[in-house]
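The values are calculated or read from the model by the stated rules, or taken from the named source; none is laboratory data. Note that the structure is a prediction, hence the values are computed from the model and not measured. Positions of Cβ are backbone-derived with ideal geometry, glycine not excepted, and every protein chain shown enters the neighbour counts.
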């Protein structure tokens, strides 16, 4: 279970940017809903939560019944397949985030606001909604699949340890995010102390490069995860025979997973 656990760390690293650099992006953009009211930058995570809840409902009510007809599994697809889908969506989220940052800086350049970090860039904050929603969808697939994987595959006497592993992956993902930012500050530093992620003026940075760096790391992580998933052996399920000699449903499910 260890290699599967380790693969979840990078996804948390990617989603952690919602509360850091995505928040900084939102602060520079037009957040007005009316002429006298603007939404707080921190409230943009509402789109992540909403997207996650909608995805979970869709997964349970629509996706599982449809996939059950093709796979024969009660849960529609295996834990590992669900996690893999989450990894792919997370890759799309950071890839899209990079292009949205390019758009934000393009508008800032058009209006001569590159050197005015306190000025509001005339581009709607809702341009950030796609990356927030994609992160919510990724968490609905990967994080829940990760949690179910630990609970189902851990020995009954170690299920609490499995839950601890899940939360440990979240903690390490945030630490890796901080470590990655530190590395980028160090190795992207140019003349005058400028780097990809400046603290004083995000408009003069290269945040899109940082997003695409995380995208690359996630692609490598997906290849690693796919290899681990391919060779993973599911925990044996006790198969009992019915009186007529047919296998019970659990046996069919195990075979389908393998």
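State which residue is modelled with the highest pLDDT when the search covers only the range 184-199 and only residues that are under 19 Å from residue 24 (Cβ atoms) and not in a loop (DSSP other than H, G, I, E, B).
In this case the residue turns out to be 184.
Scan the range 200-222 and give yes if some residue there is under 24 Å from residue 82 (Cα atoms), over 19 Å from the mean Cα position of the chain (by Cα) and at pLDDT 90 or above, otherwise no.
No, the range 200-222 contains no residue that is under 24 Å from residue 82 (Cα atoms), over 19 Å from the mean Cα position of the chain (by Cα) and at pLDDT 90 or above.
Looking only at the range 42-52, decide whether some residue is in contact (Cβ under 8 Å) with a residue 60 or more places away in the chain, surrounded by fewer than 18 Cβ atoms within 10 Å (Cβ to Cβ) and not in a helix (DSSP H, G or I). First the steps, then the outcome.
Taking the range 42-52 first, the residues in contact (Cβ under 8 Å) with a residue 60 or more places away in the chain are 44-45, 47-52.
Filter once more, keeping what is surrounded by fewer than 18 Cβ atoms within 10 Å (Cβ to Cβ): 45, 49-50.
Then keep just the ones that are not in a helix (DSSP H, G or I); that gives none.
Scanning the range 42-52 turns up no residue that is in contact (Cβ under 8 Å) with a residue 60 or more places away in the chain, surrounded by fewer than 18 Cβ atoms within 10 Å (Cβ to Cβ) and not in a helix (DSSP H, G or I).
Hey, can you tell me all the residues within the range 133-158 that are farther than 14 Å from residue 78 by Cα, in contact with a helix residue (DSSP H, G or I) (Cβ under 6 Å, 6 or more places away or on another chain) and at pLDDT below 90?
154
Looking at the range 226-258 only, could you name the residues that are under 26 Å from residue 156 (Cβ atoms), modelled with pLDDT of 85 or more and assigned to a helix (DSSP H, G or I)?
If the condition is that a residue be under 26 Å from residue 156 (Cβ atoms), modelled with pLDDT of 85 or more and assigned to a helix (DSSP H, G or I), then 228, 229, 231 are the ones that fit.
Take residue 16 and decide whether it is under 25 Å from residue 203 (Cα atoms) and surrounded by 13 or more Cβ atoms within 10 Å (Cβ to Cβ). First the steps, then the outcome.
Values: under 25 Å from residue 203 (Cα atoms): yes; surrounded by 13 or more Cβ atoms within 10 Å (Cβ to Cβ): yes.
So residue 16 passes the test.
Taking the range 168-196, which residues are within 30 Å of residue 143 (Cα to Cα), buried (at least 16 other Cβ atoms within 10 Å of the Cβ) and more than 21 Å from the chain's Cα centre (by Cα)?
Of everything in the range 168-196, just one residue is within 30 Å of residue 143 (Cα to Cα), buried (at least 16 other Cβ atoms within 10 Å of the Cβ) and more than 21 Å from the chain's Cα centre (by Cα), namely 196.
Go through the range 19-37 and give me each residue that's surrounded by 14 or more Cβ atoms within 10 Å (Cβ to Cβ) and either without any contact (Cβ under 8 Å) to a residue 24 or more places away in the chain or in a helix (DSSP H, G or I) (or both).
Matches in the range 19-37: 19, 21, 22, 23, 24, 25, 26, 27, 28.
Can you pull out the helices (runs of 4 or more DSSP H) entirely within the range 62-167 that have at least 3 residues that are touching a residue at least 40 places away in the same chain (Cβ under 8 Å), surrounded by 17 or more Cβ atoms within 10 Å (Cβ to Cβ) and more than 19 Å from the chain's Cα centre (by Cα)?
The qualifying helices (runs of 4 or more DSSP H) are 79-110.
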